[in-house]
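Q: Encoded as structure tokens, here's the structure I'll be asking about.
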Amino acid sequence: MDASFLERDTVTVAKELLGCELVRQTEAGLIRVAITETEAYQGSDDPASHACRAVTPRNRLMFGEVGRLYVYLIYGMHLCINVVAHEPGGVGAVLLRAARPLEGLELIRDNRGGAPDRNLLNGPGKLAQGLGITRDLNGCDLLAEPPQGLALERGAPLAGPILVTRRIGITKAVDYPWRFVAE
DNA sequence: CCGGCGATCCTCT
DNA sequence: GAGGATCGCCGGC
């Protein structure tokens, strides 16, 4: 994955991240997944975004260098993971909402504590848990060589169509068609 | 299969 | 001091 891929309009990047792969390397082993669901969140022009107002300690990564991982805690119990992506000088990130296991299925099952296989990675909190994401990965460089725990890679081209819908679980700007789902 | 609800804690106002 | 880019359990149909 090249930084220029992420240095474009956040909505375009969200759509094109479908089929791209995440590689998680830990002491326990290697996990590889293909991204199947994303949402775009922009800056001051997106009322649903964490970055719709001033820079704060939490949202600061969304204003910075593309290719960083933005990790945050939601509802007091789940982590969500985002890829910082925006035009040069812009603001934004792509929420990764679901993925399909490619390698390390046993590790994913362990991380998910016995959830049925069809519920392993089908939601943002489940994806983060399945990959074994922790808050110390906040700000990690997904494009680093060599990889630093989590890496983003180009995957095989998508086979099927892309479903475009409203974003899930928000109460502002509910009609923006910025959610992308692949099978 | 579907809708409702509680858990749980960090962040910003 | 409120509310959130969620999840899984429960009960009802």
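The values are calculated or read from the model by the stated rules, or taken from the named source; none is laboratory data. Please read all numbers here as calculations on a predicted model, not as lab measurements. Glycine also receives a Cβ, built like all others from the backbone with ideal geometry; neighbour counts cover every protein chain displayed. Keep in mind that these areas ignore ligands, DNA and RNA; they rest on the heavy atoms of the full protein, side chains included. Shrake-Rupley method; radii C 1.70, N 1.55, O 1.52, S 1.80 Å.
Q: Report those strands (runs of 3 or more DSSP E) wholly inside the stretch A:84-183 carrying at least 1 residues which are buried (at least 19 other Cβ atoms within 10 Å of the Cβ) and in contact with a Pro (Cβ under 9 Å, 6 or more places away or on another chain).
A: Details: elements: A:93-103, A:150-153, A:162-165, A:179-182.
Qualifying strands (runs of 3 or more DSSP E): A:93-103, A:179-182.
Q: Right, something else. Could you list, in sequence order, the residues of the stretch A:9-64 that are under 16 Å from the mean Cα position of the chain (by Cα), away from DNA strand C (no atom under 14 Å from the Cβ) and assigned to a loop (DSSP other than H, G, I, E, B)?
A: A:D9, A:L18, A:G19, A:C20
Q: Starting from the stretch A:141-160, take each residue that is without any contact (Cβ under 8 Å) to a residue 60 or more places away in the chain and list its partners that are part of a loop (DSSP other than H, G, I, E, B), counting only C-beta distances under 6 angstrom and pairs at least six apart or across chains.
A: Final answer for the pair search is A:Q148/A:C140; A:G160/A:E183.
Q: Here is a follow-up. Search the stretch A:22-39 for residues that are in contact (Cβ under 8 Å) with a residue 60 or more places away in the chain and pair each with any residue that is open to solvent by less than 20 Å² (accessible area, probe 1.4 Å) and of a type in the set (F, W, Y) when their beta-carbon atoms are under 6 Å apart and the residues are at least 6 apart or on different chains.
A: A:T38/A:F180
Q: Quick check on A:Y75: is it within 23 Å of A:V181 (Cα to Cα) and among the hydroxyl-bearing types (S, T, Y)? If you could, list the steps in order and put the result at the bottom.
A: On the way: within 23 Å of A:V181 (Cα to Cα): no; among the hydroxyl-bearing types (S, T, Y): yes.
No, not satisfied.
Q: So A:L79 fits all but one of (1) in contact (Cβ under 8 Å) with a residue 60 or more places away in the chain; (2) surrounded by 17 or more Cβ atoms within 10 Å (Cβ to Cβ); what number is the exception?
A: Checking A:L79 against (1) in contact (Cβ under 8 Å) with a residue 60 or more places away in the chain; (2) surrounded by 17 or more Cβ atoms within 10 Å (Cβ to Cβ), the one that fails is (1).
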